[in-house]
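Remarks on the structure that follows.
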Amino acid sequence: MQKTYYDPKDLKKFGNITEWSEELGNKFFEYYGKVFESGALTAREKSLIALAVAHTEQCPYCIDAYTKDGLERGITKEEMMEAIHVGAAIKGGATLVHGVQMMNKVNKLDL
């Protein structure tokens, strides 16, 4: 088995971040838990959003966690892949739209 920088076992250690900063760690987890409660969006919808963001942020821990969470919430593999494509399209578009800034700068400097 090939060793990688990310150890899947580390995901289970996420809660340990409170050890070196208990107050801030607890506040984060309180916020995190509140965010994922059902509200205007269902917990299922939030899980799908989290999965897409996990891919655009390229967080292997989040990808593992929200793939599992999504499956447990009945999200299909087709829905997951479509959500990832949405995230990829937004990430790609966000990169390309910044090309306008470069174009503006070139036009300004190209006297």
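Report, ordered by the first and then the second residue, all pairs with beta carbons closer than 7 Å, sequence separation of six or more or different chains, a first member in the range 77-91 that is within 12 Å of Thr67 (Cβ to Cβ) and surrounded by 15 or more Cβ atoms within 10 Å (Cβ to Cβ), and a second member that is of a type in the set (A, V, I, L, M, F, W, C) and at pLDDT 95 or above.
Filtered contacts from the range 77-91: Met80/Leu51; Ala83/Leu48; Ala83/Leu51; Ala83/Ala52; Ile84/Ala52.
Of (1) modelled with pLDDT under 95; (2) among the hydrophobic types (A, V, I, L, M, F, W, C); (3) closer than 22 Å to Leu71 by Cα, Ala52 satisfies all except one. Which?
Among (1) modelled with pLDDT under 95; (2) among the hydrophobic types (A, V, I, L, M, F, W, C); (3) closer than 22 Å to Leu71 by Cα, the lone unmet condition for Ala52 is (1).
Quick check: anything in the range 17-28 in a helix (DSSP H, G or I), at pLDDT 95 or above, among the aromatic types (Phe, Trp, Tyr) and exposed (fewer than 14 other Cβ atoms within 10 Å of the Cβ)?
Within the range 17-28, one or more residues are in a helix (DSSP H, G or I), at pLDDT 95 or above, among the aromatic types (Phe, Trp, Tyr) and exposed (fewer than 14 other Cβ atoms within 10 Å of the Cβ).
Inside the range 53-82, can you point out the residues that are within 19 Å of Tyr6 (Cα to Cα) and not β-branched (Val, Ile, Thr)?
Selection gives Ala54, His55, Glu57, Gln58, Cys59, Pro60, Tyr61, Cys62, Asp64, Ala65, Tyr66, Lys68.
Would you please name the residue that is farthest from Glu45 (Cα to Cα), looking only at residues in the range 75-105 that are of a type in the set (D, E, K, R) and over 13 Å from the mean Cα position of the chain (by Cα)?
Lys105
Scan the range 1-16 residue by residue and report those that are of a type in the set (A, V, I, L, M) and part of a helix (DSSP H, G or I).
If the condition is that a residue be of a type in the set (A, V, I, L, M) and part of a helix (DSSP H, G or I), then Leu11 is the only one that fits.
Out of the range 60-76, which residues are surrounded by 15 or more Cβ atoms within 10 Å (Cβ to Cβ) and either closer than 20 Å to Phe14 by Cα or touching a strand residue (DSSP E or B) at 6+ places or on another chain (Cβ under 6 Å) (or both)?
Pro60, Tyr61, Cys62, Ile63, Ala65, Tyr66, Thr67, Asp69, Gly70
Has the range 38-59 got at least one residue that is of a type in the set (A, V, I, L, M, F, W, C) and loosely packed, with under 11 Cβ neighbours inside 10 Å?
Within the range 38-59, one or more residues are of a type in the set (A, V, I, L, M, F, W, C) and loosely packed, with under 11 Cβ neighbours inside 10 Å.
For the subset of the range 8-48 comprising residues that are aromatic (Phe, Trp, Tyr) and over 14 Å from the mean Cα position of the chain (by Cα), which member is nearest to Val86 (Cα to Cα)?
Filtering the range 8-48 for residues that are aromatic (Phe, Trp, Tyr) and over 14 Å from the mean Cα position of the chain (by Cα), the one nearest to Val86 (Cα to Cα) comes out as Tyr31.
Would you pick out the residues in the range 57-72 that are part of a helix (DSSP H, G or I) and more than 19 Å from Arg44 (Cα to Cα)?
Scanning the range 57-72 gives Glu57, Pro60.
Give the number of residues within the range 49-74 that are within 10 Å of the chain's Cα centre (by Cα) and free of Cβ contacts under 8 Å to residues at least 40 places away in the same chain.
14
The values are calculated or read from the model by the stated rules, or taken from the named source; none is laboratory data. This one's a predicted model, so the numbers in the text were calculated from it and none came from an experiment. For neighbour counting, all protein chains shown are included, and Cβ atoms are generated from backbone atoms with ideal geometry for every residue, glycine included.
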